[in-house]
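Data first, discussion second: the structure below is written as structure tokens.
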Amino acid sequence: MTNTDKKDLHVKNGDRVIIIAGKDKGKIGNSGLIKLEAPIDSSNVMIVCPACDKATRPSMKVIDGKKVRICKKCGEQLDA
């Protein structure tokens, strides 16, 4: 994959995430794009649902013609 290819990520800027692998495992913070030599891969983070406050991989659902992310634990929408 080249730098010009865009990868469809399950994490968006501003999402609250928890690190699930690596030296920073267990840390919680907001996601964002920053320029570092060794960024963390998106597969090593999970979104923390604002409704149930649990780490989850989001599922996708089409509501009113829009594709939205849904918490697998509680069923609430992650996209405002």
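The values are calculated or read from the model by the stated rules, or taken from the named source; none is laboratory data. Note that this is a predicted model, so its numbers are computed, not measured. All Cβ positions, even for glycine, are placed from backbone atoms using ideal geometry, and neighbour counts span all protein chains on display.
Determine if the stretch 30-47 includes at least one residue that is at pLDDT 85 or above, exposed (fewer than 12 other Cβ atoms within 10 Å of the Cβ) and on the phi > 0 side of the Ramachandran plot.
No; the residues of the stretch 30-47 include none that is at pLDDT 85 or above, exposed (fewer than 12 other Cβ atoms within 10 Å of the Cβ) and on the phi > 0 side of the Ramachandran plot.
Restricted to the stretch 50-70, and to residues that are of a type outside the set (D, E) and not in a strand (DSSP E or B), which residue is farthest from D15 (Cα to Cα)?
Only one residue tops the list, namely G65.
When you look at S59, is it surrounded by 13 or more Cβ atoms within 10 Å (Cβ to Cβ) and small (G, A, S), yes or no?
yes
When you go through (1) part of a loop (DSSP other than H, G, I, E, B); (2) modelled with pLDDT of 90 or more; (3) not polar (S, T, N, Q) one by one for K7, which number turns out not to apply?
(2)
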